[in-house]
Amino acid sequence: MFRIISENGSVTIESPTGSGKTAVEYTVLKAADLKRKQPLFLITPNKTLVEQIRQEFPDLKIALGRNEHPCFYYQDKLPADKQPMADEIPCSLLKDCPHRVDQETGKTFVEGAIPCPYLKQKFEAKQGGIVLSTIAFYLFTQLFSKEWEQPEVLVIDEAHRMAEVVRNALSYEITDWHLRKSVELLREIGAEEAELLHDFYKKLVHIIKSKPAHERTMLNAREIRALMEKLEVIDQSGLLRKLEKAVREKVIDVVEKRETLKKLEVVVKDLRRYLRSFEYSLPDENRHALNYTYAFYKDKEEKGEKEHVQYRLVVKCYYVAPIIKKIMGKTTVALSATIGDDEVFGHETGIRNPCFSLESNFPSDNARLFMPTDTLNLAKNERGNRDLPKSIRMVARACKRLRDKGHRSLFVTISNLERDKFMMMAEEEGLKAISYGNGVTAKEAAIRFRDGEGDVLCGTASNYAEGVDLPKQIAPVIFFLRPGYPNPKDPGTQFEEERFGGSRWALWNWRVMIQALQVRGRNIRSTKDLGVTIFISQQFRRFVHASLPKWLEKAYVNDRTFDECISQTEELLGEK
């Protein structure tokens with residue numbers, strides 16, 4: 001990896017789990033730091049991975065978003081159990097905050113005040129060294145705040161998730177509740193824009209009510225243009241000045257109205273972004289639509305007492321490749337264990353540097369990937385009514401059989417309904433299954449399992465396809481129920497069908513291939529680990545072998561029954 005980077009500069013590297021990618025990431029940036037190059041960034045998809053990297057390399061400077069930091073402005077204004085986080089308050093409107101940290105000097109607005117943790121962290125990160133952050137934090141610093149110059153070196157960890165994270169970060173929703181409360185607040189301060197925002201609210205609700213209840217339904221071009229017309233007449237700058245004046249003159253109670261004020265701050269500051277996003281949801285003569293917008297609502301009688309939101313409008317940012325390309329470093333090194341087809345990766349992310357795929361030094365004899373001959377096809381248009389529960393029951397009984405030999409398992413499903421079925425069947429089979437829910441997070445459930453609780457850990461691919469590591473025989477057997485092809489009723493699926501036509505299957509197959517390889521890697525994290533993955537649905541037969549790196553092809557077995565696969569698993573792992 002060092003040789004490839006030194007010879008090519010900006011590159012994309014696919015290298016197996018346990019091959020030292022994190023150490024390479026750190027070393028590349030440390031070398032640049034020693035040459036006094038700045039800024040330097042190492043970015044990764046989420047806070048959990050940030051923490052893992054920080055534990056290994058504690059000299060990195062951490063930069064996390066507002067949602068990870070408490071706000072001290074309300075410290076003496078609210079009880080201890082009501083203290084908000086920094087992303088829950090209208091920060092830009094609270095000009096008198098004594099905790100605000102000057103990003104040039106590092107001093108607080110009022111001498112002796114406790115520094116705002118979020119702003120203090122940002123100031124310290126700007127003083128040099130290597131900054132470790134989430135992809136979302138880095139995106140907003142480069143795209144909106146522009147507080148850092150283009151990095152001299154940018155290193156992207158888990159680069160296959162770049163497009164997904166950026167899409168989620170740039171998407172947003174507008175709700176009837178927040179608009180109503182914003183209109184009320186604007187009326188209180190006598191802003192004429194209240195009626196303009198109310199017109200937008202009425203148009204939004206009218207459009208959404210024309211759609212089927214309980215279904216996420218795409219808006220058409222006429223409806224999007226109608227919303228744009230209502231927003232275009234609002235003077236963003238003038239409205240922001242009125243808000244700031246009302247807060248400064250204490251016309252607005254920033255304690256009592258803090259939640260509404262926060263939502264209104266977002267609406268006002270993001271007004272141009274809303275308009276731009278709506279515009280990009282429309283095709284023109286030169287391009288397809290780049291975003292998509294959909295609506296969702298619940299019947300009034302089905303709302304819970306504490307649930308204020310009835311109507312939602314969601315704008316999903318889709319075509320992020322040029323955005324990602326825009327925020328790259330002068331030298332960008334992207335690494336992942338699963339890049340797959342580099343053409344599809346480049347199309348998704350906009351990262352089109354030379355791509356290198358490296359062999360593993362892991363012995364293929366330590367792994368088995370079983371594709372049984374007698375399991376069912378669980379594709380929705382292929383399976384019968386009893387096929388799914390029958391397959392889940394088969395996995396539960398196999399987990400119990402392996403448990404009796406001293407081996408624990410991970411079972412990965414696609415839907416929560418499948419997870420719930422397994423949890424019920426596991427109990428019927430006398431198997432202790434661990435999962436999340438009822439106040440237990442997916443991370444907490446995984447920690448409990450790693451600490452020795454339970455016979456099998458069960459969760460959806462969205463929680464356990466990545467990010468949960470079970471090496472050292474913690475869960476030497478993984479069952480993966482079916483590939484996560486998109487739901488045909490999902491607006492995102494419909495958008496991709498319209499945008500790409502038949503070629504969408506190349507993209508969808510790339511995603512499920514990456515997902516399958518990620519699931520497979522949960523239990524083999526070193527050269528000494530033994531691990532088995534059993535793919536249940538016959539859908540996997542079409543692509544799993546083709547997606548495997550060369551070194552792993554020897555571990556693939558596709559000519560045994562499910563029972564024979566379990567027997568071979570027992571032989572490989574032995575009996576504890």
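Below, the figures for the structure above:
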{"read-out": "Condition met for His288 (loosely packed, with under 14 Cβ neighbours inside 10 Å and closer than 17 Å to Trp177 by Cβ)", "value": "no"}
{"read-out": "Matching helices (runs of 4 or more DSSP H) fully within segment 480-576 where at least 2 residues are outside the structural domain of Thr22 (by TED's automatic domain parsing) and touching an Asp or Glu at 6+ places or on another chain (Cβ under 7 Å)", "value": "504-520"}
{"read-out": "Among the residues listed as Arg180, Arg187, the single one being part of a helix (DSSP H, G or I), over 30 Å from the mean Cα position of the chain (by Cα) and charged (D, E, K, R)", "value": "Arg187"}
{"read-out": "Matching residues, segment 1-31, being among the hydrophobic types (A, V, I, L, M, F, W, C) and either assigned to a strand (DSSP E or B) or surrounded by 20 or more Cβ atoms within 10 Å (Cβ to Cβ) (or both)", "value": "Met1, Ile5, Val11, Ile13, Val28, Leu29"}
{"read-out": "Segments classed as helices (runs of 4 or more DSSP H), wholly inside segment 370-477, with at least 3 members that are of a type in the set (D, E, K, R) and in the same structural domain as His545 (by TED's automatic domain parsing)", "value": "387-404, 416-428, 442-450"}
{"read-out": "Residue within segment 134-153 that is in a strand (DSSP E or B) and among the aliphatic types (A, V, I, L, M) present", "value": "yes"}
{"read-out": "Hits in segment 332-345 - residues which are out of contact with any helix residue (DSSP H, G or I) (no Cβ under 8 Å at 6 or more places or on another chain) and crowded, with 17+ Cβ neighbours inside 10 Å", "value": "Thr332, Asp342"}
{"read-out": "Any hit, segment 358-367, residues being assigned to a helix (DSSP H, G or I) and either surrounded by 19 or more Cβ atoms within 10 Å (Cβ to Cβ) or hydroxyl-bearing (Ser, Thr, Tyr) (or both)", "value": "yes"}
{"read-out": "Among residues of segment 501-533, those that are more than 26 Å from the chain's Cα centre (by Cα) and β-branched (Val, Ile, Thr), counted", "value": "2"}
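The values are calculated or read from the model by the stated rules, or taken from the named source; none is laboratory data. Since the structure is predicted, the reported quantities are computational estimates derived from the model, not experimental observations. In this analysis, Cβ positions are derived from the backbone assuming ideal geometry, glycine residues included, and neighbour counts consider all displayed protein chains.
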